[in-house]
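Novice: Got a structure here, written out as structure tokens. Questions coming.
Bear in mind that the values in this text are calculations on the coordinates, not laboratory data. Predicted, not measured: the structure shown is a model, and the values here were computed from it. Methodologically, a virtual Cβ is constructed for each residue, glycine included, from the backbone with ideal geometry; neighbour enumeration extends over all protein chains shown.
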Amino acid sequence: MTALIIVDVQNDFVPGGALAVREGDAVVPVINALQKLKGRRVDVVVATQDWHPRDHGSFAANHLGTKVGQVIDLAGLRQVLWPVHCVQETPGAEFVPSLDRSQIDHVVRKGTDPAIDSYSGFFDNGHRKATGLDAYLKQRGVNDVYVCGLATDYCVKFTALDARQLGHETHLIEDASRGVELKPGDVKAAVEEMRRAGVGVISSEKLLSSSTNG
């Protein structure tokens, strides 16, 4: 069984949002096309959603004298400080309106604990608590996952790395993802890190064409 994991395609991560990823909105039509493979090349579609409380420790605004991009220690872990984003029950936390939600079987909300961030769709950043995503995939008999969304160098990367570590055959759909690129080269480095961990890197065209060809 195969799952498509759509990572954090939310209003705050696309142009105009609080933590906008350059060309973040460009992934939406590609992901919508991939979702149409459900029932053929894809069996299960899952979406992850950043769902932060307003007092989340990853927000620079919650640490006096700090600024966005600064790195601090949070709960014993290295933490990049971000603008306030994807706050629970706010428009910025909602999925991008143009994202097709009709094929999504399951939504995983992450980053709900103010004391620790959760880039991965599977665990918090300290691997202290699971989100339930792996249990859900195992219950559905999934062993092959395709990961895409926002952002390549953070939540997409850590979701893919955890999927691989958990034993799933894992693929990054590169053109259906975009990165934050806090520093030049971050996205390229993230893709290489995924490759080294055994994550396959493919284009959406490969999936879409393989479905057309039977």
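Novice: Quick check, is GLU192 loosely packed, with under 15 Cβ neighbours inside 10 Å, acidic (Asp, Glu) and over 11 Å from the mean Cα position of the chain (by Cα)?
Specialist: Spelling it out, GLU192 is indeed loosely packed, with under 15 Cβ neighbours inside 10 Å, acidic (Asp, Glu) and over 11 Å from the mean Cα position of the chain (by Cα).
Novice: I've got another one for you. Give me a count of the residues in the stretch 135-154 that are surrounded by 20 or more Cβ atoms within 10 Å (Cβ to Cβ) and in a helix (DSSP H, G or I).
Specialist: Total satisfying the criteria: 4.
Novice: Sticking with this structure for a sec: Among the residues of the stretch 85-107, how many are of a type in the set (Val, Ile, Thr), buried (at least 18 other Cβ atoms within 10 Å of the Cβ) and not in a loop (DSSP other than H, G, I, E, B)?
Specialist: 1
Novice: Could I ask something else about it? Quick one: LEU172 ticks every box in (1) within 22 Å of LYS36 (Cα to Cα); (2) among the hydrophobic types (A, V, I, L, M, F, W, C); (3) in contact (Cβ under 8 Å) with a residue 40 or more places away in the chain bar one, so which box is it?
Specialist: Failing condition for LEU172: (3).
Novice: Could you give every pair whose Cβ atoms fall below 8 Å, whose first residue belongs to the stretch 108-120 and is in a strand (DSSP E or B), and whose second residue is among the hydrophobic types (A, V, I, L, M, F, W, C), counting only separations of at least 6 or pairs across chains?
Specialist: Listed by first residue and then by second, the contacts come to VAL108/VAL46; VAL108/ALA47; VAL108/LEU133; ARG109/TRP51; LYS110/TRP51.
Novice: Of the residues ALA47, ALA3, ALA33, ALA26, which single one is among the small types (Gly, Ala, Ser), buried (at least 21 other Cβ atoms within 10 Å of the Cβ) and either assigned to a helix (DSSP H, G or I) or under 13 Å from the mean Cα position of the chain (by Cα) (or both)?
Specialist: ALA47
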